[in-house]
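First the structure, which I've put down as structure tokens, then a few questions once you've had a look.
The numbers here are math on the coordinates, done by the rules we state, and not lab data. Worth saying up front: this structure is predicted, and the values here are computed from it rather than measured. Methodologically, a virtual Cβ is constructed for each residue, glycine included, from the backbone with ideal geometry; neighbour enumeration extends over all protein chains shown.
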Amino acid sequence: MKYFNVRTISYLPIIVIAAMLAGCSSAPKLLNLDTAKKEVGLYYESGQYDKDVQEVVEDAIKDFDGVKVRDSSAVVFDVDETVLSNYSEIKSVGFGFEGEHWNRWILEGKAPAIEGVKNLYNYLIGRKFRILFITGRTMAQYEATYRNLKQAGYTTFDTLIVRQGSMLKAPAENFKSIERTVLTDMGYKIEGCVGDQLSDLKGAYTGIKIKLPNYLYLVD
């Protein structure tokens, strides 16, 4: 599995630090929440995030160079914080989450591409891999997501799969594993998975695992 290099724990949001320290009998002093938010902002806005993404992408391309591409060869991508960046939206609400605000943002369809990942996408398209998107977004957000992907430059892909029906409340790992199994049964050979959460990369039919940095939230 390809991972970005974790350079300092100070970039982790305070809630993640607290979780990591839970149960420790002599836990060190926690980082102030305002300080943690500033550190996260600095990570994304200083160029370090882009460098980390590019490092992961370069390693991924080396791995995919070794794959013999067939007509059925496919790579699965997550959407949020994988191919599209929601950083500006998340920062605007103080690095928190507000459901209605988030839904309005998605329906606007203005999330920009993550350029390093776009380079990986272009490489895969050039090699004739099939591109499959599996996202935790819902059917009500499908059209906006489809439009956003196209406008952000992801113009060629076989399918966009969103949560619906019994999958609305399924754990992310289960949902994505089940959908990859269905795609495999349809004839796709999944050569790799690209995501920002570990749940994007667990379960059946993952192939090469590409883990991108995300210090904004966890859904695992």
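Counting other Cβ atoms within 10 Å, keep those with at most 13, restrict to DSSP loop, and tell me which chymotrypsin sites (Phe, Trp or Tyr not before Pro) in segment 80-160 are left.
F97
For segment 48-128, run through the GluC sites (Glu not before Pro) and keep only the ones in DSSP coil with at most 16 other Cβ atoms within 10 Å of their Cβ.
E98
Considering Cα pairs under 8 angstrom that are at least six residues apart, work out the relative contact order of the chain and quote it in whole percent.
26
Now a separate question. Can you return the aspartates and glutamates within cross-link range of K128? Criterion is Cα-Cα under 15 Å, with same-chain partners fewer than 8 residues away left out.
D65, D71, D158, E191
Springs between alpha-carbon atoms under 10 Å, Gaussian network over the chain: tell me which of D59, D80, D158 tops the mean-square fluctuations.
With Cα springs under 10 Å in the chain, the top fluctuation among D59, D80, D158 is at D158.
Okay, moving on. Looking only at S88, S177, S73, which one moves most when the chain is put into a Gaussian network model with springs between Cα atoms under 10 Å?
Maximum among the listed residues: S88.
Let a ≥ b ≥ c be the square roots of the eigenvalues of the Cα gyration tensor of segment 81-169; is it rounded (a/c under 1.5), or, if not, prolate (a/b larger than b/c) or oblate? Walk me through the numbers before you get to the answer.
On the way: a/c = 2.24, a/b = 1.36, b/c = 1.65.
The shape class here is oblate.
Do the sum for the chain: with -39,500 (n - 2.57) for every DSSP H run of n ≥ 4, divided by all residues, what is the mean residue ellipticity at 222 nm, to the nearest 500 deg cm²/dmol?
Roughly -12500 deg cm²/dmol at 222 nm, from the helical runs in the chain.
Here's another thing I want to ask about it. Enumerate by residue number the trypsin sites (Lys or Arg not before Pro) in segment 125-177 meeting two conditions: DSSP loop (anything except H, G, I, E, B), and at most 13 other Cβ atoms within 10 Å of the site's Cβ.
Answer in residue order: K128, K169.
Quick one: Debye curve from the C-alpha atoms of the chain, no solvent, what's log10 I(q)/I(0) at q = 0.08, 0.09, 0.10, 0.15 Å⁻¹?
Taking Cα atoms of the chain as identical point scatterers yields -0.29, -0.37, -0.45, -1.02.
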